[in-house]
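The structure under discussion appears below in the form of structure tokens.
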Amino acid sequence: SIEYGQKEADNNNYFNFDNYYYSAFDLNVFTNKSDKDGSKLTPNSDGKYNAIVSKDVFVELKDIAPSTALADIDEITTTKDSGINVYGSVKYGFTISASKPGEYNVTFSSKNVSKTLTFVIDYADIESVEFTKAPDSMYCNDSSEIKAVVNPNGSVANSYVIYTIEGDDLGCIIEESGNKLILKAGSTAGSIVIKAAAEGDPDIFVTKTIEIKAVPSIYESIKDKTYYKSV
């Protein structure tokens, strides 16, 4: 059965496929495909949807009218501002994400109806900083890579951490080597404290204590021992 609605057929009662398109649809916006109801996004007081940088948002069409619309005839196209990505289909839903903050418009449209959603994309609040690479101990004059990240992914300053040596540095320094940061130990043994703070919020940081150990003396390792030569 095909619902004609307000569409027209010719005098011979042949259905005019060119005019058979959606006359209405609504949209659901959510952040988790496995929990659409629990992660549903609602617009703010300005009618805009708030989302997080680099986090996917999903859109599905609902309440499509007429329900008997033929999928291979009635297609939904999307138009978008630059800086935001949109892909998908009516059947499987649409995925939307942006890699940088900003306000973006995405329009879903068929021949007879269109809806524009406005997304305000911003960084997530910083929750924590954690070391992903850092030694527990080093020998004097040795070097080791250190690295810390800001959580969650997509938060402001996600790639930027400020490193400092707290208290007595014992001659240790932090240097860049390519795209890595290297901790170089000095010639003095003891303990140092490395602090990694989020650039976007310096009150959120993590510290790690690293023991700088003296290099064992060769003399200490051989004294009071007896050695002999074998052939």
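Taking segment 76-107, which residues are surrounded by 13 or more Cβ atoms within 10 Å (Cβ to Cβ) and of a type in the set (Lys, Arg)?
Answer for segment 76-107, where residues must be surrounded by 13 or more Cβ atoms within 10 Å (Cβ to Cβ) and of a type in the set (Lys, Arg): just LYS80.
Suppose we filter segment 184-231 for residues that are surrounded by 10 or more Cβ atoms within 10 Å (Cβ to Cβ) and part of a loop (DSSP other than H, G, I, E, B); how many remain?
Summing the residues that are surrounded by 10 or more Cβ atoms within 10 Å (Cβ to Cβ) and part of a loop (DSSP other than H, G, I, E, B) in segment 184-231 gives 9.
Limited to segment 51-65, what total is found for residues that are surrounded by 15 or more Cβ atoms within 10 Å (Cβ to Cβ) and not in a loop (DSSP other than H, G, I, E, B)?
Qualifying residue count, segment 51-65: 8.
So which strands (runs of 3 or more DSSP E) are wholly in segment 96-170 and hold at least 3 residues that are under 16 Å from the mean Cα position of the chain (by Cα) and touching a residue at least 12 places away in the same chain (Cβ under 8 Å)?
114-122, 143-151
Quick check on segment 38-46. Is at least one of its residues modelled with pLDDT of 90 or more and farther than 22 Å from GLU103 by Cα?
Looking for residues that are modelled with pLDDT of 90 or more and farther than 22 Å from GLU103 by Cα, one finds at least one in segment 38-46, hence yes.
Of all residues in segment 159-173, how many are open to solvent by 50 Å² or more (accessible area, probe 1.4 Å) and of a type in the set (A, V, I, L, M, F, W, C)?
2
The values are calculated or read from the model by the stated rules, or taken from the named source; none is laboratory data. Note that this is a predicted model, so its numbers are computed, not measured. In this analysis, Cβ positions are derived from the backbone assuming ideal geometry, glycine residues included, and neighbour counts consider all displayed protein chains. For the accessible areas, the whole protein counts, side chains as well, though only heavy atoms, and no ligand, DNA or RNA atoms are used. Shrake-Rupley method; radii C 1.70, N 1.55, O 1.52, S 1.80 Å.
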